[in-house]
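What follows is a set of notes on a single structure, which appears directly below.
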Amino acid sequence: METLNFLMQGFAVALTPESIMFAIIGSILGTLIGALPGLGPANGVAILIPLAFSLGLSPTSSLILLTSVYAGAMYGGRISSILLNIPGDEPAMMTCLDGYPMALKGKAAEALAISAIASFIGSFIATIGLVILAPILAKFALKFGPSEYFALFALAFATLGGITGKNQFKTLMAASLGLMIASIGIDISSGVQRYTYNTLELFEGVDFIIAIVGLFAISELLFFIEKHAGEGLKTVTVNKLKLTMGDILKVLPTSIRGALLGFVAGVLPGAGASLGSFISYTLEKKLVDDKGTFGEGDARGIAAPEAGNNGAASGALVPMLTLGVPGSGTTAVLLAMLISLNVTPGPMLFTQNADLVWGVIAALFVGNLVLLLLNIPMIGIFVKLLSVPPKFLMPIVTLVASVGIYSVSHSALDLYFMVGFGVIGYILRKVDIPLVPVILGMLLGPEMEKSLRHALVLSDGEWSVLFNSGLSIGLWSVAILGLILPIIVGPIIRAKMAKSKKVVAS
Amino acid sequence: MRLNDRVFGMFMLILAVVYGLEATKFPEPFGGSESVGPETFPIILSFFLGISAIYMMLKPDPDEAWPVTPMLLELSGIVLAILAFAWAIEPLGFIPAAIAIVSYLAWRMGANVKMCLILGVTSSITIFLLFNNVLELALPLGLLEL
C-alpha cells in the first residue's frame, strides 16, 4: 500500500509538463542513439551527461531525461538488427534471428512493430517488477554494514564480466585500473595527497564524466577511422504496415514470458541483457516452436528476445538504485550521473530522495508509452537515419561530446584529459580489456575504500571482520562463484550463442 | 603472435609495482598512524593488478592486429587535431575551431572536400546558436568578437 502511495506521488512528479517534455526528448534522442551506427547506449548516455549537468537541470529532470534515453536506446538498437541483420548492440543479436528473415519476406514494418510492442511489454512488466522488488531490496540493504558493502562491491566486480565473460583476469585488471584512477587526489579521511605529484588539477581527483566520454566516444572515433567504416550502411525502405489485432495477441504470451525472464536476468548480477534475450529466445523456441518456424521469420521469435532484453534493461535498474551497484555499462553511466548530481544511490535513496526515485520509476512508465506511440508512426524517419553515413555523423558527435565537456568548467584542460582517456581507451580495447569495469572502478572506488576503512576501524584492524557475518560470507561466496563459473560454463554458453550467430550469418 | 598481451602485461606489472611502492611512501596522516591508513587500499590494488598482469604475460590471448605505420600516423593526426581544437576554442573562438575540426574529421573519414566544409560550417553554427541562445551556455566567440 505504501508503495502504491509513493508511486502515485511519483506520477505526480512524472506527469508535470516539464517531466513529460524531458521524457519525450529523451525517448527520441535515445531511439536515435540506438539506431544510429556507432553510438552504443552507454556512449550516448555518457555524451549527454555533461550537457544535462551544465544546463543545470534538477536531479529529477536529468534522471528522467537519461533513463528515457536509456529505454529509447534499447528500442533503437533493434532497427538495424531487423533491417540489416546488424545488431546495434549485443543484446539485439538474438533479434536478428527472426527479424531479418521476416524483413526479407517483405514484412519489415510488421517485424518492427511487433518488436516495438514486445519491447513495450518487456519494459512495462519489468518496471512493475522494479516497483515491487526495489523497496523490498532497499529495506533489506539497510541491514548492510561496512563489511557487507565491501563484499557487495567485490561481488559487483567479480560478476561484471558476466557469465559469458572470456578472460576473468582482464576484468580484474580493468577493475584495478579503475579503482587506482579513483585513488588519485586528496584522500578524504586522512587529507593525505595521493598520486597528485603536487599538481593542483589532480587534487580533486580525476573527473569520471570526462573519463567516460573519452573512453567511449573518442576511442570509438579512432576505431571508426582505423576500420575505414565511414561509408555506412546501405539504404533500406520499409513496406506499409499491415498489423492486425490477431498478430499482436499471438505474440502476447511469448512477450510476457520473455519479459519475466528478462527481468530476472537483469536483476541478477552477472547475467545482463544479452543473456536475458538469449534465454527467452531459447525457451520460447522449445516451448512454442512446434512447426519449426523459429529462425525463418516467426513473429514470436522477435517478440521473445525483444521483451527479454527490455525486461533486463529495466531489471538492471534494481541493483543500481537500491544498492548503488550497477550491473551493466549503461547503468554504470547512469550511476555516474547520480553521483555527479550529489545523489547517493543505495538504500537511503528510497527514504531520503523518495520523490526522485519514484518520479523516475513513474517516468519509466511514461517514457515507455511515449516510445511505443512514437515508434509505430515514426519508424520511417528512424529507418532513414540509419543510412546516415558515419563520416558525417561521427565528427558531429565528437564536437557535441567536446562541447559538453568544455561547458562543464570552461577549461581546455578537461578536453586534453578527455583525449588522453580516448587514447587509453583505444589501447585497452586493442588488448581486449573491457572498459566498463574501469569506469565502475572509478565510480565505486571511493565508496569501496570507505567501507573497507570503516569496517577495519570498527574492528580495530582485525581483517576477519570482513567475513564475520552470514550475509557477508554469502556475498563473498556469490562473488567467488561469479569469478569461477564463467571459466566452467562460459565456453558452453558462448558456443551456443556462436551457433545461433552462425545461423544468422548463413 | 601473442605479443600484445605480454608487452601490455609487463607495463601493467611495472605500474603495479610503482603504484604499490608509492603508496608505502605516503606521509603519515596527522594524528598518528592507524590500523588502516591512506596506503592500505592502494596496496591491495597493486597486488591485484600485479597478479592479473602476471597472468596476462603467462597466458596471453591471441593478438588483435595493430594498425600499420601510416594508420598510426593518421590516428595520431586525429588525436592532435582534437587537442588543437581544445586549445583553439578560447583564443580563436568556438566557431572557427569547430569548423576546422568537423571538416578535418569528416575529410579523414572519407567525405569529399565540399561536403566537409558544408558539414563543418552548418554544424558549428547550429551548435553555437543552440548552445548560446537556446540552452544559454556561452561559448567563446574569439576572433569573431570584433
Can you name the residue in segment B:60-70 that is without any contact (Cβ under 8 Å) to a residue 60 or more places away in the chain and surrounded by 13 or more Cβ atoms within 10 Å (Cβ to Cβ) and, of all such residues, is farthest from the other protein chains (Cβ to nearest Cβ)? B:Pro60
If the requirement is being surrounded by 19 or more Cβ atoms within 10 Å (Cβ to Cβ) and either part of a helix (DSSP H, G or I) or in contact (Cβ under 8 Å) with a residue 40 or more places away in the chain (or both), which of these qualifies: A:Ile427, A:Ile405? A:Ile405
Just to confirm my filter: which helices (runs of 4 or more DSSP H) fall fully inside segment A:38-157 and include at least 2 residues that are crowded, with 24+ Cβ neighbours inside 10 Å and without any contact (Cβ under 8 Å) to a residue 60 or more places away in the chain? A:59-84
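For (1) in contact with a helix residue (DSSP H, G or I) (Cβ under 7 Å, 6 or more places away or on another chain); (2) in a helix (DSSP H, G or I), each residue gets a yes or a no:
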| residue | (1), (2) |
| --- | --- |
| A:Pro253 | no, yes |
| A:Ile256 | yes, yes |
| A:Ala265 | yes, yes |
| A:Gly276 | yes, yes |
| A:Ile279 | yes, yes |
| A:Thr282 | no, yes |
| A:Gly292 | no, no |
| A:Glu296 | yes, no |
A:Ile361 fails exactly one of the following numbered conditions: (1) modelled with pLDDT under 85; (2) crowded, with 20+ Cβ neighbours inside 10 Å; (3) among the hydrophobic types (A, V, I, L, M, F, W, C). What is the number of that condition? (1)
Looking at A:Pro390, A:Pro326 in this structure, which one is away from chain B (no Cβ under 14 Å) and modelled with pLDDT under 85? A:Pro326
Can you spot a residue in segment B:33-51 that is loosely packed, with under 15 Cβ neighbours inside 10 Å, within 7 Å of another protein chain (Cβ to nearest Cβ) and farther than 21 Å from A:Leu222 by Cα? yes
Quick check: anything in segment A:273-294 touching a residue at least 24 places away in the same chain (Cβ under 8 Å) and within 12 Å of the chain's Cα centre (by Cα)? yes
When residues of segment A:238-272 are filtered for being under 29 Å from the mean Cα position of the chain (by Cα) and polar (S, T, N, Q), how many remain? 2
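Yes/no matrix, rows are residues, columns are (1) more than 9 Å from chain B (Cβ to nearest Cβ); (2) closer than 21 Å to B:Phe8 by Cβ; (3) modelled with pLDDT under 85:
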position	(1), (2), (3)
A:Ala158	yes, no, yes
A:Thr164	yes, no, yes
A:Asn167	no, yes, yes
A:Thr171	no, yes, no
A:Ser176	no, yes, no
A:Met180	no, yes, no
A:Gly191	no, no, yes
A:Asn198	yes, no, yes
Those residues of segment A:401-417 which are more than 7 Å from every other protein chain (Cβ to nearest Cβ) and among the aliphatic types (A, V, I, L, M), in sequence order: A:Ala401, A:Ile405, A:Val408, A:Leu413
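Results for (1) more than 20 Å from A:Gly422 (Cα to Cα); (2) at the interface with chain A (Cβ under 9 Å from one of its Cβ atoms); (3) touching a helix residue (DSSP H, G or I) at 6+ places or on another chain (Cβ under 7 Å), shown as yes or no for each residue.
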{"site": "B:Met57", "(1), (2), (3)": "yes, no, yes"}
{"site": "B:Leu73", "(1), (2), (3)": "no, no, no"}
{"site": "B:Ile82", "(1), (2), (3)": "no, yes, yes"}
{"site": "B:Ala106", "(1), (2), (3)": "no, yes, yes"}
{"site": "B:Lys114", "(1), (2), (3)": "yes, no, no"}
Residues of segment B:60-77 being part of a loop (DSSP other than H, G, I, E, B) and more than 30 Å from A:Gln168 (Cβ to Cβ), in sequence order, are B:Val68
Of the numbered conditions (1) surrounded by fewer than 20 Cβ atoms within 10 Å (Cβ to Cβ); (2) at pLDDT below 80; (3) not β-branched (Val, Ile, Thr), A:Ala271 satisfies every one except a single condition; which is it? (1)
On the given criteria, is A:Glu449 farther than 22 Å from B:Val79 by Cα, in contact with a Leu (Cβ under 9 Å, 6 or more places away or on another chain), within 12 Å of another protein chain (Cβ to nearest Cβ) and touching a residue at least 40 places away in the same chain (Cβ under 8 Å)? yes
Would you say A:Ile64 is more than 18 Å from A:Gly329 (Cβ to Cβ) and over 19 Å from the mean Cα position of the chain (by Cα)? no
Screening A:Phe382, A:Phe421 for residues that are surrounded by 21 or more Cβ atoms within 10 Å (Cβ to Cβ) and at pLDDT below 85 leaves only A:Phe382
Which listed residue, of A:Lys170, A:Lys107, A:Lys143, A:Lys139, is under 27 Å from A:Gly490 (Cα atoms) and of a type in the set (Lys, Arg): A:Lys170
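The values are calculated or read from the model by the stated rules, or taken from the named source; none is laboratory data. Remember, it's a predicted structure, so these values are computed and weren't measured experimentally. Positions of Cβ are backbone-derived with ideal geometry, glycine not excepted, and every protein chain shown enters the neighbour counts.
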